[in-house]
Amino acid sequence: QFTTRVVSCRAAELRPEGGGEPVRGFHVVLEDTILFPEGGGQPDDRGLIGDVPVLRVTRRGPEAVHFVPSALEPGAEVLLSLDWERRFDHMQQHSGQHLITAIAEQMFGFKTTSWELGRQRSVIELDTPLVTAEQVEALEKSVNEKIRDRIPVTVRELAAGDPEIETVRSRGLPDDHVGPVRIVDIKGIDSNMCCGTHISNLSELQVIKLLGVEKGKKNKTNLVFLAGNRVLKSIEQSHSTEKALTSLLKNGPGEHVEAVRRLQSSVKLLQKNNLNLLRDIAVLIARDFKSKPAPRQLFVLHRKEGDSEFMNIIANEIGTEETLLFLTVGDEKEAGLFLLAGPVEAVENLGPRVAELLGGKGAGKRGRFQGKAAKMSRRGEVQALLQEFLSHQKPEA
């Protein structure tokens, strides 16, 4: 917590990170702040000004600008409170990135070109097209050895013109930077120009887990990692999943993968058998219709289980030169599939109208029009439309 004063409060809008309508509120500048504004790859802090939540902190030149939903009185003394859990998480991830970056360059010559502190995991972009599994393993072992060595992490400031600035690792200063330059040192390992928040000793990182690599931009590789409490949370989540799988699969954790493989094989076999049965049913339905002594102009069928192939087999078996077929599959109360098949001219005329009635979309050619239907319950209206259409056809047609 920190006591300070409100310097200014102006109406503003905040665009949510996930998109959506802007949130109306106020931009507040304080005499000083303990809330970190987003920058340098690190997200901003959260907290309270009095009892008013701070929803975003950004940098405007030398000022930190706090977005809040309620107005604050300029000149008022306020108590600023920091969300420490969020802050400490960011400290662990940011210091962890500095350590990984430094050791990756020392061990393998991999330079870091950028990084991102994500909500669940963080990513370091390395300037190399390939990082092997063996290199990842060696890097993880080395960074955790440094954590166990309890190496201090210190912060110092240098004057803007100090020649020592040229010797520290940096991606350059912001164009609007003024004043001293902040350097974060991991004793004997790294000196890095940085504005972010950090732990004071590597032991506070607890542990680092490298989750592996992913293909990055051209000739670059993304290294994914967790640090500190995120590793513990990940283990807890994995353990909960493991317990749930043990209960469902009725075997020990070491047998989970093989049990799932067996289930996948069983499901594939069942799906194959089910498809064969559906094809057989489609053929039987068509033959039953054709066996009737008096041919009918309209054939309508709905079945909950089925797919496009099921409907097309029926259409193929019955033949569409003389009969108009309206077939649907799916749950009557939900979305499904439809097929209109028959004489070319009739299908071209009726297809779009059928799709419209069913609240869906479709396309067709050569006497077949098929697509998705959102309103399966309106099948009766479609049948009435088709019967009306046929009643107006000439006998010879």
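The values are calculated or read from the model by the stated rules, or taken from the named source; none is laboratory data. This one's a predicted model, so the numbers in the text were calculated from it and none came from an experiment. Don't worry about glycine lacking a Cβ; one is built from the backbone with ideal geometry, like all the others, and counts go over all protein chains shown. Remember, those area values only see protein heavy atoms, side chains included, never the ligands or the DNA or RNA. Shrake-Rupley method; radii C 1.70, N 1.55, O 1.52, S 1.80 Å.
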For L226, L79, write out the residues from largest to smallest accessible area, computed with a 1.4 angstrom probe and no ligands counted. L79, L226
With Cα coordinates, the longest principal axis of the chain makes an angle with the long axis of helix 133-148, in degrees rounded to 10, of 40 degrees
How long is the gain from D162 to D280 if the chain were fully straight, where each residue apart is worth 0.36 nm and the alpha carbon distance is subtracted? 34.1 nm
With springs only between Cα atoms under 10 Å apart, run a GNM on the chain and tell me which of E204, E321, E236 wobbles the most. E321
Mind checking the dipole of segment 16-156: about its Cα centre, +1 per Lys or Arg Cβ, -1 per Asp or Glu Cβ, Debye to the nearest 20? 200 debye
How much net charge surrounds F2 when only the other residues with a Cβ under 14 Å from the Cβ of F2 are counted, with Lys and Arg +1 and Asp and Glu -1? -3
Listed by chain and number, the lysines with an alpha carbon less than 16 angstrom from that of K304, same-chain partners under 8 positions apart left out, are K333, K372, K375
Evaluate E = 1/(1 + (r/R0)^6) for K218 and V260, where r is the Cβ-Cβ distance and R0 equals 25 Å; express this FRET efficiency to the nearest 0.05. 0.10
At a Förster radius of 30 Å, what calculated FRET efficiency corresponds to the Cβ-Cβ distance of K361 and E332, to the nearest 0.05? 0.95
Using the Cβ atoms and a cut-off under 14 Å, what net charge is assigned to the surroundings of V213, where Lys and Arg are +1 and Asp and Glu are -1? -1
What ranking of S291, S170, S81 comes out by heavy-atom accessible area, probe 1.4 Å, highest first? S291, S170, S81
Residue farthest toward the positive end of the dipole of the chain, with Cβ of Lys/Arg at +1 and Asp/Glu at -1: which of V354, Q237, G319? G319
Between segment 166-209 and segment 6-43, what is the separation of their alpha carbon centroids in Å? 24 Å
For the chain, the accessible surface attributable to carbon and sulfur atoms (probe 1.4 angstrom, ligands and nucleic acids excluded) amounts in percent to 51 percent
Counting Lys +1, Arg +1, Asp -1, Glu -1, what net charge surrounds G351 among other residues with beta carbon under 14 Å of its beta carbon? +3
Between L269 and A244, 0.36 nm times their residue separation minus their Cα-Cα distance comes to what? 6.4 nm
Cα centre as origin, Lys/Arg/Asp/Glu Cβ charges: segment 142-262 dipole, Debye: 700 debye
When the charge dipole of segment 139-241 is computed with +1 at the Cβ of Lys and Arg and -1 at the Cβ of Asp and Glu, the Cα pointing farthest to the positive end, of A159, G228, P180, is that of G228
Just to be sure I understand the model, the point goes 7 Å from the Cα along the line to the Cβ. What's the resulting R378 to S203 distance in nm? 7.1 nm
Accessible area of segment 276-393 divided out per residue, in Å², using a probe of 1.4 angstrom: 57 Å²
Sort 5-18, 300-313 by packing, meaning the average of other beta carbons within 10 Å per residue, with the highest value first. 300-313, 5-18
Lysines with Cα under 30 Å of K220, excluding same-chain neighbours fewer than 8 positions away: K111, K141, K146, K187, K209, K233
Probe 1.4 Å, all chains present, heavy atoms only: I34 accessible area in Å², nearest 10, is 50 Å²
Going from most exposed to least, what order do L269, L278 have by accessible area with a 1.4 Å probe? L269, L278
Simple Cβ-charge dipole of the chain, Lys/Arg +1 and Asp/Glu -1, about Cα centre, in debye nearest 20: 1580 debye
By per-residue mean of other Cβ atoms within 10 Å, what is the highest-first order of 91-99, 57-65, 190-198? 91-99, 190-198, 57-65
To the nearest 10 square angstrom, how much accessible area does L48 have with a 1.4 angstrom probe? 70 Å²
